[in-house]
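The values are calculated or read from the model by the stated rules, or taken from the named source; none is laboratory data. Keep in mind that what you see is a predicted model, and the values were worked out from it rather than measured. Methodologically, a virtual Cβ is constructed for each residue, glycine included, from the backbone with ideal geometry; neighbour enumeration extends over all protein chains shown. For accessibility, only protein heavy atoms count, side chains too; no ligands or nucleic acids. Shrake-Rupley method; radii C 1.70, N 1.55, O 1.52, S 1.80 Å.
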Amino acid sequence: MPETYEAKYLAGRRALVTGGSRGIGRAAALALAGAGAHVAVNCAGRADAARETAEACRALGVQAMALQGDVSDPAAAAALVEAVCREWGGIDILVNNAGITRDGLLMRMDEEDFDAVLATNLKGAFHCMKAACRPMMKARYGRIVNMSSIVGLRGNAGQANYAASKAGLIGLSKSAAKELAGRGITVNCVAPGFIDTDMTAVLPDKVKEQLRGQIPMGRLGSAGDVAAAVLFFAGEGAGYITGQVLCVDGGMAV
Ligand code: NDP
């Protein structure tokens, strides 16, 4: 574990990680907990996985809770933030990590698949940010980290909906960064490359090999690699950094 985990430099901070039940979100939840933050672990449907992640956070000595809720539903997203504020008296860190894919070539892509991906990946972040920025503004402190993708910077054949959602997150983050900077709130994006999680496990081996060939570091990233960037943006040390996009991709987008 990096030394910073031991430093507990986020001691007592209150965090909400959407899509924290699995993959990158789970690793981010654990990294934040390792640094001393209390963590609310959100999931869409896999409540057991969210509870298990919350339990693993508690084992690191912090408070944690599992919160089921679909971030694409504005009321559910607001309820997540409300639950954190009710339980812990406020929210300091919001990690908008929940995301889905529904890949397909543009000419064959159903409007429903386009809308579903935008609703979760982009609007879900918007709903959560809208709900969280009020208490953060009141407290004059906040760290918002949005999970984009290098696909949002470069595009990807077969992922028009996903790329649009991830590019949209960058615009959303930069605008919010400008709006909220004066209130001590930073808004940044992490843009992972090809990370070994359930999301990429479904890809055919041939596609995985092709992708691996595009990574200068020659390996897939781990969820922990991405969590380290989340931890950085969430930390005190990144307090003068806002509106940025940090690629965690083994050099893929260079
Ligand atoms: P996983 O598929 O492993 O996990 C997705 C997570 O999002 C789960 O916790 C899931 O909850 C949750 N989720 C999905 N839809 C919703 C919703 N509507 N409301 C609340 N939670 C939801 O994904 P990864 O860990 O791989 O990806 C995490 C993020 O990182 C995503 O935004 C993804 O786009 C992004 N990313 C991933 C890359 C990769 O290579 N893996 C590359 C670049 C970006 P549940 O467990 O209940 O289903």
Subset of the stretch 180-197 that is part of a helix (DSSP H, G or I) and in contact (Cβ under 8 Å) with a residue 40 or more places away in the chain - its residue that is nearest to residue 239 (Cα to Cα): 181
Would you pick out the residues in the stretch 159-174 that are closer than 13 Å to residue 189 by Cβ, near the ligand (Cβ under 10 Å from one of its atoms) and not basic (Lys, Arg)? 165, 169
Would you say residue 176 is in contact with a helix residue (DSSP H, G or I) (Cβ under 7 Å, 6 or more places away or on another chain), buried (at least 24 other Cβ atoms within 10 Å of the Cβ) and in a helix (DSSP H, G or I)? no
For residue 188, only one of the following conditions fails: (1) within 12 Å of the ligand (Cβ to nearest atom); (2) crowded, with 24+ Cβ neighbours inside 10 Å; (3) within 21 Å of residue 221 (Cα to Cα). What is its number? (1)
May I ask you to list the residues in the stretch 72-114 that are in contact with a helix residue (DSSP H, G or I) (Cβ under 8 Å, 6 or more places away or on another chain), of a type in the set (Asp, Glu) and more than 9 Å from the ligand (Cβ to nearest atom)? 82, 92, 103, 113
Of (1) without any contact (Cβ under 8 Å) to a residue 60 or more places away in the chain; (2) within 15 Å of the ligand (Cβ to nearest atom); (3) open to solvent by 60 Å² or more (accessible area, probe 1.4 Å), residue 22 fails just (1)
Acidic (Asp, Glu), under 27 Å from residue 104 (Cβ atoms) and within 12 Å of the ligand (Cβ to nearest atom): which single residue out of 196, 205 fits that description? 196
Matching entry among 146, 156 (being part of a strand (DSSP E or B), of a type in the set (S, T, N, Q) and either surrounded by fewer than 17 Cβ atoms within 10 Å (Cβ to Cβ) or within 15 Å of the ligand (Cβ to nearest atom) (or both)): 146
Cβ-Cβ distance below 8 Å, separation of 6 or more or different chains: which pairs start in the stretch 39-58 with a residue that is open to solvent by less than 100 Å² (accessible area, probe 1.4 Å) and end on one that is of a type in the set (Asp, Glu) and assigned to a helix (DSSP H, G or I)? 40/87
Subset of the stretch 191-202 (residues that are farther than 16 Å from residue 152 by Cβ and open to solvent by 70 Å² or more (accessible area, probe 1.4 Å)): 196, 198, 202
Segments classed as strands (runs of 3 or more DSSP E), wholly inside the stretch 16-130, with at least 1 members that are closer than 17 Å to residue 146 by Cβ: 38-43, 93-96
Look at the stretch 198-254 and say how many of its residues are among the β-branched types (Val, Ile, Thr) and not in a loop (DSSP other than H, G, I, E, B). 6
Out of 235, 250, which single residue is within 13 Å of the ligand (Cβ to nearest atom), under 24 Å from residue 19 (Cα atoms) and either in contact (Cβ under 8 Å) with a residue 24 or more places away in the chain or touching a Phe, Trp or Tyr at 6+ places or on another chain (Cβ under 9 Å) (or both)? 250
For the stretch 84-93, enumerate the residues that are open to solvent by less than 10 Å² (accessible area, probe 1.4 Å) and either among the hydrophobic types (A, V, I, L, M, F, W, C) or at pLDDT below 95 (or both). 84, 91, 93
